[in-house]
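Student: Take this structure, written in structure tokens, and hold onto it; I'll ask about it next.
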Amino acid sequence: MAEEKYAESKLYRIRHSAAHVMAQAVLDFYPETQYTIGPPVENGFYYDFELPAPITAEDLEKIEKRMRQIISGGHLFEKKVISGEAARQIFANQPYKLELIEGLEKGGLDEYGNPLDVKPEISIYQHDTFTDLCRGPHVESTRQINPSAFKLMSIAGAYWRGDENNKMLTRIYGTAWEKPDELKQYLAMLEEAKKRDHRKLGKELDIFLFDDEVGPGLPLWMPNGTVIADELENLAKEMEEKAGYQRVRTPHLTKEDLFIRSGHLPYYAESMYPPMELEGVKYYVKPMNCPMHHKIFGARPRSYRELPIRLAEYGTCYRYEKSGELFGLMRVRSMQMNDAHIYCAEEQFEQEFMGVIDLYKKYFELFGIEKFVMRLSLHAKAGLGKKYVDNERLWIKTEDMVRRAMLNGGVPFVEVQNEAAFYGPKIDVQIWSAIGREFTLATNQVDFAVPERFDLKFVNREGADEIPLCIHRAPLSTHERMIGFLIEHYAGAFPVWLAPEQVRVIPITDGQNDYAAKIASQLREAGVRVSADLGAERMNAKIRQAQLMKVPYMVVLGANEAESDVVSLRMRDGSQLNNISLAEFMARVKDRIDRRASEL
RNA sequence: GCCCUCGUAGCUCAGUUGGCAGAGCACGCCCUUGGUAAGGGCGAGGUCAUGGGUUCAAGUCCCAUCGAGGGCUCCA
């Protein structure tokens, strides 16, 4: 919807036109270049080229400069609708364009190779010396691109048509705006985003660590990060207990047989660490917990009376993500999942599925997460038997069930093809990292492959065997991705209940060290995470340190406080509350913790 | 995995055309006893990611490996 609007906007035309101007500039410098596609995207545009030689960041400046020259020429963008034959002649030495023309002519494929509903006309856009196969739209003249409101941002590799079996092209990203101020604002926003990047804050706040000798994608949790993970785990246990879950524990390793039965080895093998072999038996570290939970469900005959059965575990899983896919805490190779599997009868499905959605909503409200999209991830016919379990009837049936449940529950969602799990459709909750990369945070999945593979069943009211449905869910994602996200969401300033250090006691002179130690130990007794800064620094420096570590409460103690047995409070936001009793302060802290409140 | 870029002290970064490895912060010791975001002095800290190569001489140039970053592909 919003996309349609963008495609009709002036900004879209400016960016699209800037892409053409950039392509012209690149061709001016490197005439042998083969050019492919160059669409507008969020915040800008890109163009993919096959260049005769790699280019560098300095080349971008050169290209930018040339672009400004072209812009100042005031060249008009002229559209012509032409025949396929004419197009082939114009682009005779541009193989990628020829492939695009063929797609347009034959199947009616768009520039990404996806089928189009209607066979499109073939059009070209021309300005100055540059002609591109293009459906538009563009601005009328190059002069409508503000030469001070665009910037070439980066060089990247990109596969032709997004297929890793194809050739790697060189992509140049640019950003373009109507006015120079908007560009300035956008660049400033990027700088701000970098400051809240969880990789930077994670280091500064001593939350986690990657060590070369441990390995890529294998985070070490520092004491501060462990506090956060533990608090999330407490939250999950509390909420899941209320929602009727039972906790289980399962090993990290399993024999090959289990993953053959589960279908992971046929469908998921490339994301699994290779097996270790002992006494002729292969063992795998688990990429998911489900097969073991299925075993627990299947451990004895089940009656409809005990359904739904909800088995929960913060399970540790290992997935071999390709090296280039790793991304701080957001994409790692070892992870602890807020996992659970719900086994239910078909008529219980909607209630159970929506129960999970309710859980999400509660969590998101608690964290104040507002920018997210629920995505119904569907299978793709072409992937059946390869990426997806080969049973189209059940795919369509379960996709309908999920769609209906969401519609009945009045929960907004979007539908996307070819994003399902191999065993069924799912609702993914999509979020964005500080630098704008999209991730699936939480997920709620249907599994219809379970019954076939694990022979799971329960005895129904009529005394007959019936196959349960299984819901896989992880509302709190994995510790890694959740904490990575929360670091950015809070910009490191965690609410009191999550803050690794909740209170720092700061004596004004070392004459108050004893009093400070006493106050700290009383707070600690009361279950508050507190430290006392008894070092030789001046109070100002100590406050600065505490501020930088984003400690929610600083208790500042001078001679006055010690004498009248009170405390003075400085909060992370800079506000103060002086000369209150320790009891009053403690009540405040305990209240924030107990309510998991966001305010200080 | 692929394309491009980058690896200098715990952290952030300087380091000229190849010519004796530097700063600030953090750390240790000393002085300072200061009322809400950095008081001062001294000191310690480096196989310049790792391994090869070119050169009289390599942090600097070349190759490989490992790791990180921006993308692509893939995903919680």
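The values are calculated or read from the model by the stated rules, or taken from the named source; none is laboratory data. For clarity, every value in this text was computed on a predicted model and none was experimentally measured. Note that we place each Cβ from the backbone using ideal geometry, even for glycine, and neighbour counts take in every protein chain shown. Accessible surface areas use protein heavy atoms only, side chains included; no ligands, DNA or RNA. Shrake-Rupley method; radii C 1.70, N 1.55, O 1.52, S 1.80 Å.
Student: Going by average Cβ density within 10 Å per residue, which order do the peptides A:583-594, A:323-334 take, highest to lowest?
Tutor: Ranking, from highest mean packing down: A:323-334, A:583-594.
Student: Considering segment A:507-561, what Rg and Dmax in Å follow from its alpha-carbon atoms?
Tutor: Both quantities, over Cα of segment A:507-561: 10.8, 28 Å.
Student: Ordered by packing density, taken as the mean number of other Cβ atoms within 10 Å over each peptide's residues, highest first, how do A:90-103, A:500-513 rank?
Tutor: Listed from highest to lowest mean packing, they are A:500-513, A:90-103.
Student: Sticking with this structure for a sec: Rounded, prolate or oblate: pick one for segment A:191-289, where a ≥ b ≥ c are the square roots of the eigenvalues of its C-alpha gyration tensor, a/c under 1.5 means rounded, and failing that, prolate if a/b is larger than b/c, else oblate.
Tutor: Working: a/c = 2.39, a/b = 1.42, b/c = 1.68.
The shape class here is oblate.
Student: With θ set to phi - 60° and the Karplus curve 6.51 cos²θ - 1.76 cosθ + 1.60, what are the ³J(HN,Hα) couplings of segment A:84-96 in order, to the nearest whole Hz, using x for Gly and Pro?
Tutor: x, 5, 4, 4, 4, 5, 4, 9, 4, 9, 10, x, 5
Student: Using only C-alpha positions, report the orientation-averaged shadow area of the convex hull of segment A:2-193, nm², one decimal.
Tutor: 11.1
Student: Out of residues 5 or more away from A:Ala421 or on other chains, whose amide H comes under 5 Å of its own, with H placed 1.01 Å from N in the peptide plane?
Tutor: Long-range HN contacts for A:Ala421: A:Lys426.
Student: Please say if chain A is rounded, prolate or oblate, where rounded means a/c under 1.5 for a ≥ b ≥ c the square roots of the C-alpha gyration tensor eigenvalues, and otherwise the choice is prolate for a/b larger than b/c and oblate otherwise?
Tutor: Because a/c hits 1.5 or more and a/b fails to exceed b/c, chain A counts as oblate.
Student: From the Cα gyration tensor of segment A:397-533, with a ≥ b ≥ c the square roots of its eigenvalues, which class applies: rounded if a/c is under 1.5, or else prolate if a/b is larger than b/c, or else oblate?
Tutor: Taking the square roots of the gyration eigenvalues as a ≥ b ≥ c, segment A:397-533 is prolate.
Student: Can you run phi through the Karplus equation (6.51, -1.76, 1.60; θ = phi - 60°) for segment A:509-524 and list ³J(HN,Hα) in whole Hz, with x for Gly and Pro?
Tutor: Going residue by residue, I get 10, 6, x, 9, 4, 5, 4, 4, 5, 5, 4, 4, 6, 5, 5, 4 Hz, with x marking Gly and Pro.
Student: Size of the dipole of segment A:442-536 about the Cα centre, Lys and Arg at +1 and Asp and Glu at -1 on the beta carbon, nothing else charged, in debye to 20? Don't skip to the answer; put the middle values down first.
Tutor: Numbers: 9 positive and 13 negative charges, 45 e Å.
Dipole size: approximately 220 debye.
Student: Counting only protein heavy atoms and using a 1.4 Å probe, what share of the accessible area of chain A belongs to carbon plus sulfur, as a whole percent?
Tutor: 49
Student: Sort A:Tyr423, A:Tyr173 from largest to smallest accessible area, using a 1.4 Å probe on the heavy atoms of the protein chains. Could you put the intermediate results ahead of the total?
Tutor: Numbers: A:Tyr423 15, A:Tyr173 75 Å².
In descending accessible area the options line up as A:Tyr173, A:Tyr423.
Student: Let me ask something else about it. Can you order the peptides A:475-481, A:530-536, A:205-211 by their average number of other Cβ atoms within 10 Å per residue, highest first?
Tutor: Per-residue mean Cβ counts within 10 Å order the peptides as A:475-481, A:205-211, A:530-536.
Student: Okay, next question. Amide H neighbours of A:Val556 under 5 Å, counting only residues 5+ apart in sequence or on other chains, H built in-plane at 1.01 Å?
Tutor: Amide H to amide H, under 5 Å and 5 or more residues apart or across chains, A:Val556 pairs with A:Ile506, A:Ser568, A:Leu569, A:Arg570.
Student: Right, something else. Can you tell which of A:Pro39, A:Ala86, A:Phe372 lies farthest toward the positive end of the dipole of chain A, using +1 and -1 charges on the Cβ of basic and acidic side chains (Lys, Arg; Asp, Glu)?
Tutor: So the residue furthest toward the plus end is A:Phe372.
Student: Something else about it: How much of the DSSP bridge set in segment A:503-594 is antiparallel, in percent, rounded to the nearest 5?
Tutor: On the way: 7 of 15 bridges.
So the antiparallel bridges in segment A:503-594 amount to around 45 percent.
Student: Please report the equivalent ellipsoid semi-axes of segment A:503-594, computed as sqrt(5 x eigenvalue) of the Cα gyration tensor, largest first, in whole Å. Could you put the intermediate results ahead of the total?
Tutor: Values: eigenvalues 63, 47, 30 Å².
With the √(5λ) rule applied to segment A:503-594, the semi-axes are 18, 15, 12 Å.
Student: Looking at the P(r) of segment A:470-547, how many percent of alpha-carbon pairs lie beyond 19 Å?
Tutor: 52
Student: State the antiparallel share, in %, of DSSP beta bridges confined to chain A, rounding to the nearest 5.
Tutor: Looking only at bridges with both residues in chain A, the antiparallel portion is about 85 percent.
Student: Also, I was wondering about something else. HN-Hα J couplings of segment A:391-397 from phi, Karplus 6.51/-1.76/1.60, θ = phi - 60°, integer Hz, Gly and Pro as x?
Tutor: Per-residue couplings from phi come out as 8, 4, 4, 5, 4, 5, 5 Hz.
Student: Which residues' amide hydrogens lie under 5 Å from the amide hydrogen of A:Arg171, considering only partners 5 or more residues apart or on another chain, with H built in the peptide plane?
Tutor: Correct list: A:Phe49, A:Ala156, A:Gly157, A:Ala158.
Student: What does the helix-only formula give at 222 nm for chain A: each DSSP H stretch with n ≥ 4 adding -39500 (n - 2.57), the total divided by the residues, and the result rounded to the nearest 500 deg cm²/dmol?
Tutor: -11000 deg cm²/dmol
Student: Continuing with this model, one more query. With every protein chain kept in place and ligands, DNA and RNA left out, what is the accessible area per residue of chain A? Probe 1.4 Å, answer in Å².
Tutor: On the way: 28770 Å² over 600 residues.
Normalised by residue count, the accessible surface of chain A is 48 Å².
Student: Going through segment A:10-74, which GluC sites (Glu not before Pro) have at most 11 other Cβ atoms within 10 Å and a DSSP loop state?
Tutor: Values: sites: A:Glu32, A:Glu42, A:Glu50, A:Glu58, A:Glu61, A:Glu64; in loops: A:Glu32, A:Glu42.
For GluC sites (Glu not before Pro) across segment A:10-74 that sit outside H, G, I, E and B with at most 11 neighbouring Cβ atoms in 10 Å, the list reads A:Glu32, A:Glu42.
Student: Can you list the lysines whose alpha carbon sits under 23 Å from that of A:Lys371, skipping same-chain ones fewer than 8 residues off?
Tutor: In chain and number order, the partners are A:Lys5, A:Lys194, A:Lys195, A:Lys200, A:Lys361, A:Lys362, A:Lys426.
Student: Mind checking which of A:Gly225, A:Phe422, A:Ala493 is farthest towards the positive end of chain A's charge dipole, using Cβ charges of +1 (Lys, Arg) and -1 (Asp, Glu) about the Cα centre?
Tutor: The listed residue farthest towards the positive side: A:Ala493.
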